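Report on the structure given below.
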Amino acid sequence: MDRHHGHPRGIAPGPGFPARPAGPQPPRLVGRRGRRPGAAHRSGAPVRPADPAAPSAGRPVLPAAPGRPGRGGGPGGRRLRRGRRARRLRHRVRHRRQPGRHPRPGAGRAPRLRRLDRFRRPRSRRLPARCGLAGDPAPRNGGRAVSIDILLGVDVGTSDSKVLVTRLDGSEITAVATPTVWRNHGGKFTDCDASTLADGVFGLLGRAVAAATDLVGPVTVAAVAITGMAEAGVLLDADNRPVHPVLAWFDPRGGEEMLRLPQELLTEFCGRTGLPVSALCTVAKLAWMREQGTDLAAHRWLNVPEYLAFRLGGEQVGEMSLVARTGLMDQDTETLWPEMLEALGATADLIAPLVPAGTPLGRISGNDVPTALHGAVVTVAGHDHPVAAVGCGVVGSAEVFDSFGTAEALVRTVDGNLAFDARERLGREGINSVHHVLEGRRLLLGGTKAGLLLRRTLNMLGAGEPSRRAELDAAAVAAAEQYPGAVPGISVSGALNADGTLKITATGDDITPGMLWHAVVAHGIDEAARCLELMEREVGPTSAAVVAGGWMRMQSVRRSKQDSLPDVRFSDRSQAGAFGASMFAAHAHAHAENLRAAGDPTGVAVTVPVGPSEQFAADYTRTTRSQTPADQPAVPSR
């Protein structure tokens, strides 16, 4: 090849080999079916002129092999992908000096080959920052992206529904959320349409998969687990169609109807079910539906997470921690309470077969479900409060999880079941004693309205803006140092879980906003301490506590919790419920893979249900634990 004129020696420029302009020339490529024209001429092989019809711009075009039509580059030629070019050239370099093998023409021209390094694909790419979570790029196999297995943890809450995307080891990728749509009737009753709720969650799942794909490349959904609100659910007819709207768990409908149940049932209700007598439990809602003319004997009740799992293609089941909050379960026998079913005019078929949280229920399918979810294992993770506790690593006995948001929930893990009398005493004080989401465990669940009082106090003091809130927070810290006990001239009430009305009595003239805020915080702390003391009377002292929630960003609240709880750690995990659900998804996926290896690809384990062990949950959450000791500043949630 003449380096200066760009045509083979001995062949003058002409129609087949036009003269090239002087100056730097682009690199030539050597492919399996195309040699350099000069090399072919020197070896005596006929030289195939370039086809004038081939494109003159774009990627380099190689001559096609005789007898085989070209592809991609026009008649007689084909385009080579960048990754293929680089691989073929690297192959030439590896084999150019093998002993006993005649070197290919031009094999010693390393500078010419090195110029083609620019065709190599990058091994990684920069990722955009989204949702405050970072993802690693998808691994590549020969230049092609490899699909990553992901888990979807779903938390259907009162205010928002969230989906957290994680890898199989629990490392977070991204999260998406959407408001939970309720209908308000005259400011008193609250409900929503079951299909609307399901469609919203399905759309959210599709968004989550799309967001994960944007961050890390191709993904495959391995499993989906759903946690969420208890007490609320869907009553289905024989054709699996909803009969009534989904009544919100706090909807008062059914309160009067429940009090009209047989008195002997109400008398033993707390000890039998571990729940207080109130309109919150599902029994009250079922009693209201019966009063509307619905024959419960021909229907089935599914709690919200169970209904969503069924709509995704899973089996109809009753998850233990959710059924325990209906008021239909006997805590001693762990079966349905026959006398209560009879009083409601229902049969045992009202509740689907009981399974623990994390049991594989089948594989996702259906026309209403995003196709990206098809084939994934689906499971129910259970009641959101204990699932959030597990998500923050609270899995041992004698530990307390304090979820301090607008509503404060205190979750105490207990080994084994409590006696009838202990459940009755706790129930009369408003504390639940029911099933945990971990097999073999029970939980004590209490709460306060302290978060609601704090929010109302912020608004009253005009401290909704971050700058004003920071000033108030600093003033409250100073007030707490000056008045470590009760603040003189101020009394506050309303944090009782059955109350929620902020009542402030001021008898002093020198009360500052910082003093008032400190007094309201102290009142909430006192109510939580009273609730924990009632628990400790029945099950012994608390060994450690993990506190989570948005109020922990304020140092005045954080310090008060640190002083009132033993061995405190603060969690900054913003999606504790969804992350806990992802742990149950990981278990369901692993169990379904074991079933597949044994010859059962359905992903259904209802006949022999099994949930994750305490060790599995501890290992999963410990790997990605997001906590700070009490003496270290919290990392703001993102």
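The values are calculated or read from the model by the stated rules, or taken from the named source; none is laboratory data. Treat the numbers as computed from the prediction; the structure is a model and nothing was measured. With ideal geometry, Cβ positions are generated from the backbone for all residues, glycine too; neighbour counts draw on all protein chains shown. Ligands, DNA and RNA are stripped out before the accessible areas are found, and what is left, the full protein with its side chains, is counted by its heavy atoms. Shrake-Rupley method; radii C 1.70, N 1.55, O 1.52, S 1.80 Å.
Picking from Val246, Val224, which residue would you name as being modelled with pLDDT of 95 or more, within 17 Å of His299 (Cβ to Cβ) and within 32 Å of the chain's Cα centre (by Cα)?
Val246
List, please: which pairs have Cβ atoms under 6 Å, are six or more places apart or on different chains, and start with a residue in segment 463-475 that is within 10 Å of Arg553 (Cβ to Cβ) and end with one that is crowded, with 16+ Cβ neighbours inside 10 Å?
Arg469/Ala463; Asp473/Met554; Asp473/Gln555; Asp473/Ser556
Output the number of residues of segment 562-586 satisfying the condition of being in contact with a helix residue (DSSP H, G or I) (Cβ under 7 Å, 6 or more places away or on another chain) and either open to solvent by less than 20 Å² (accessible area, probe 1.4 Å) or assigned to a strand (DSSP E or B) (or both).
We begin by selecting, within segment 562-586, every residue in contact with a helix residue (DSSP H, G or I) (Cβ under 7 Å, 6 or more places away or on another chain); these are 564, 568, 570, 573, 576-577, 579-581, 583, 586.
From what is left, the residues that are either open to solvent by less than 20 Å² (accessible area, probe 1.4 Å) or assigned to a strand (DSSP E or B) (or both) are 568, 570, 576-577, 579-581, 583, 586.
Residues flagged as in contact with a helix residue (DSSP H, G or I) (Cβ under 7 Å, 6 or more places away or on another chain) and either open to solvent by less than 20 Å² (accessible area, probe 1.4 Å) or assigned to a strand (DSSP E or B) (or both) within segment 562-586 amount to 9.
Please specify each residue of segment 302-317 satisfying the condition of being of a type in the set (D, E, K, R) and either free of Cβ contacts under 8 Å to residues at least 40 places away in the same chain or surrounded by fewer than 24 Cβ atoms within 10 Å (Cβ to Cβ) (or both).
Arg311, Glu315
It is to be established whether one or more residues within segment 386-409 are open to solvent by 30 Å² or more (accessible area, probe 1.4 Å), part of a helix (DSSP H, G or I) and at pLDDT 95 or above. Talk me through it step by step, then tell me what you get.
Of the residues in segment 386-409, the ones open to solvent by 30 Å² or more (accessible area, probe 1.4 Å) are 397, 399, 403, 406-407.
Next, from what is left, pick out any that are part of a helix (DSSP H, G or I): none.
Within segment 386-409, none of the residues are open to solvent by 30 Å² or more (accessible area, probe 1.4 Å), part of a helix (DSSP H, G or I) and at pLDDT 95 or above.
Do we have Glu527 as in contact with a Leu (Cβ under 7 Å, 6 or more places away or on another chain), open to solvent by 30 Å² or more (accessible area, probe 1.4 Å) and either within 17 Å of Gly451 (Cα to Cα) or not in a strand (DSSP E or B) (or both) here?
no
Out of everything in segment 547-569 that is in contact with a Leu (Cβ under 9 Å, 6 or more places away or on another chain) and among the aliphatic types (A, V, I, L, M), what residue ends up being nearest to Gly393 (Cα to Cα)?
That would be Val547.
Looking only at segment 501-526, which residues are farther than 16 Å from Trp551 by Cβ and either of a type in the set (A, V, I, L, M) or in contact (Cβ under 8 Å) with a residue 40 or more places away in the chain (or both)? Can you show your working first?
Applying the first criterion (farther than 16 Å from Trp551 by Cβ) to segment 501-526 yields 501, 503-516.
Of everything in segment 501-526, those that are farther than 16 Å from Trp551 by Cβ and either of a type in the set (A, V, I, L, M) or in contact (Cβ under 8 Å) with a residue 40 or more places away in the chain (or both) turn out to be Ile504, Ala506, Ile511, Pro513, Gly514, Met515, Leu516.
Where residues in segment 340-377 are of a type in the set (Ser, Thr, Tyr) and within 28 Å of Ala585 (Cβ to Cβ), which of them is surrounded by the fewest Cβ atoms within 10 Å (Cβ to Cβ)?
Of everything passing the filter in segment 340-377, Thr371 is surrounded by the fewest Cβ atoms within 10 Å (Cβ to Cβ).
Tally up the residues in segment 222-245 that are open to solvent by 30 Å² or more (accessible area, probe 1.4 Å) and part of a strand (DSSP E or B), please.
Residues in segment 222-245 being open to solvent by 30 Å² or more (accessible area, probe 1.4 Å) and part of a strand (DSSP E or B): 1 in total.
Could you list, in sequence order, the residues of segment 427-441 that are of a type in the set (D, E, K, R), more than 24 Å from the chain's Cα centre (by Cα) and more than 18 Å from Ile525 (Cα to Cα)?
Arg428
If you take the residues in segment 447-494 that are polar (S, T, N, Q) and outside any helix (DSSP H, G or I), which one is least open to solvent (accessible area, probe 1.4 Å)?
Of everything passing the filter in segment 447-494, Thr448 is least open to solvent (accessible area, probe 1.4 Å).
Would a scan of segment 267-274 turn up a residue that is part of a helix (DSSP H, G or I), at pLDDT 95 or above, among the aromatic types (Phe, Trp, Tyr) and out of contact with any strand residue (DSSP E or B) (no Cβ under 8 Å at 6 or more places or on another chain)?
Yes: segment 267-274 contains one or more residues that are part of a helix (DSSP H, G or I), at pLDDT 95 or above, among the aromatic types (Phe, Trp, Tyr) and out of contact with any strand residue (DSSP E or B) (no Cβ under 8 Å at 6 or more places or on another chain).
Let me confirm something: among Leu322, Leu328, Leu336, Leu373, which residue is closer than 29 Å to Ile431 by Cα and under 29 Å from the mean Cα position of the chain (by Cα)?
Just a single option satisfies the conditions, and that option is Leu322.
Starting from segment 318-336, take each residue that is under 19 Å from Leu418 (Cβ atoms) and list its partners that are among the aromatic types (Phe, Trp, Tyr) and assigned to a helix (DSSP H, G or I), counting only C-beta distances under 8 angstrom and pairs at least six apart or across chains.
Gly327/Phe269; Asp332/Phe420
So which of Pro122, Pro99, Pro179 is open to solvent by 60 Å² or more (accessible area, probe 1.4 Å) and either modelled with pLDDT of 60 or more or β-branched (Val, Ile, Thr) (or both)?
Exactly one residue qualifies, and that residue is Pro179.
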